[in-house]
Amino acid sequence: MNFDECIERRNTHCVKYSQAKTAQRPEDALVMTLADMDLPCCPAIQQAIVERAAHPFYGYQQFDEVLPERVCAWAKARSMANLDPRTIQITPSVNTAIALCLRALTQPGDGILIQNPSYSPFRKVAALNQRRCVINELIQKGDHYELDLADFEAKLSEVRMFILCSPHNPTSKVFSPQELEAMLSLCRKHQVLVIADEIHADWVYGTMTAASALDPGVMTILSPSKTFNLQGMQCSFLFIPDPAQAQAVKRECDALAYMNNQTFSHAAALAAYSEEGAAWLAEAKAYVQENARVFSRLLSAAGVPLKPMRLESTFLLWVDCRGCCKNDADVVDLFENRCHLYGSTGSHYQTDFPFIRLNIAVPRSVIEEAAERLIRALSVR
């Protein structure tokens with residue numbers, strides 16, 4: 001794949017570029033906000049969609065038995081996930097799946113445990129459904145984060161459900177098997193439901209253990225959307241091992257009249273979970289990992305007081321800006337006003353510290369330009 005090519009995405013109804021236009025950002029804006037890669041799709045997926053489009057009927061679509069088997073085998077090979085294809089429910093997105101589980105399996109006023117810095121839709125869906133967010137802060141240690149297990153256990157007495165974001169967004173932390181086992185065993189002890197958002201599981205640069213490999217009772221959500229940049233296909237997979245819980249979630253789907261009716265996402269997912277998809281993913285991960293190295297190397301060589309955190313997973317780089325920024329407003333001033341570089345600042349993730357999350361699944365030239373702009377801006381302060 002030629003990931004170096006810059007492909008124009010403006011005026012294609014792409015959300016992050018439409019937002020840039022609506023916000024009247026400058027023409028030279030580098031948009032590194034949403035977790036939507038600026039790398040071209042796997043050719044096998046594109047071909048599968050084209051072939052499906054050639055058939056002149058786009059009516060009610062049914063997912064066949066091949067896809068659940070393929071998803072489970074894929075996850076087993078990569079993270080030792082222990083998933084039963086018979087327990088699958090298809091949902092439009094991970095956030096939809098979480099909302100369905102929260103509505104079906106908890107009550108208004110129940111506590112929902114979330115680990116900060118946190119992906120903001122977790123907090124939003126809890127609040128909009130009249131649940132309480134209870135926060136377990138991850139502890140920053142140098143260029144990575146560690147688990148505060150004592151605080152985690154203390155918070156379990158206040159909650160009914162734990163949303164485990166694994167790998168963790170935005171920090172890119174990959175929980176060790178020991179950390180996972182410690183959290184899961186405590187949840188079992190306190191009878192707290194666990195839903196594991198493992199949407200970034202395929203973008204791990206070392207090894208990862210799925211929550212289901214350690215606890216067969218965990219509810220797990222997977223999706224090809226982040227792995228293969230198929231967010232527009234609206235397809236995620238929710239595995240609920242407990243029959244009663246599964247039936248409760250199914251009732252919630254029925255109450256909303258939700259139907260699994262995605263004509264093109266079925267073809268795209270089948271093509272994604274294939275040898276061709278695996279080859280594309282390996283190439284894309286290597287490219288993004290080098291992007292992180294290039295960005296960090298350029299900043300470090302110039303003595304710029306920005307500290308990218310260790311990239312353990314995802315294509316989202318979490319950058320510590322405390323060396324030159326006191327707060328979120330300073331981060332916005334530096335990145336947006338002075339450098340025309342747009343990421344997601346720390347306030348999106350409920351952290352009081354000046355951080356920014358940058359999507360680095362972009363052509364290498366964008367990474368180099370971003371670093372050069374920051375170096376120029378900080379060298380004249």
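List of remarks:
- Of the helices (runs of 4 or more DSSP H) lying entirely inside region 1-102, those containing at least 3 residues that are touching a residue at least 24 places away in the same chain (Cβ under 8 Å) span 43-54, 66-79.
- When residues of region 355-381 are limited to those that are out of contact with any Asp or Glu (no Cβ under 6 Å at 6 or more places or on another chain), touching a residue at least 24 places away in the same chain (Cβ under 8 Å) and in a loop (DSSP other than H, G, I, E, B), the one most open to solvent (accessible area, probe 1.4 Å): 381
- Residue count, region 27-55 (criterion: in contact with a Gly (Cβ under 9 Å, 6 or more places away or on another chain) and polar (S, T, N, Q)): 1
- Residue in region 205-215 that is touching a strand residue (DSSP E or B) at 6+ places or on another chain (Cβ under 6 Å) and outside any helix (DSSP H, G or I) present: no
- Any hit, region 304-325, residues being open to solvent by less than 60 Å² (accessible area, probe 1.4 Å) and assigned to a helix (DSSP H, G or I): no
- Residue in region 295-303 that is modelled with pLDDT of 95 or more and open to solvent by less than 20 Å² (accessible area, probe 1.4 Å) present: yes
- Taking region 225-245 as the range and being more than 30 Å from residue 46 (Cα to Cα) and either aromatic (Phe, Trp, Tyr) or open to solvent by 20 Å² or more (accessible area, probe 1.4 Å) (or both) as the test, the residues that pass are 241, 242, 243, 244, 245.
- Selection count where residues are among the β-branched types (Val, Ile, Thr) and under 30 Å from residue 134 (Cβ atoms), scope region 323-381: 5
The values are calculated or read from the model by the stated rules, or taken from the named source; none is laboratory data. Predicted, not measured: the structure shown is a model, and the values here were computed from it. Please note: Cβ atoms are built from the backbone with ideal geometry, for glycine as well, and neighbour counts cover all protein chains shown. The area values use the complete protein model at the heavy-atom level, side chains included, leaving out ligands, DNA and RNA. Shrake-Rupley method; radii C 1.70, N 1.55, O 1.52, S 1.80 Å.
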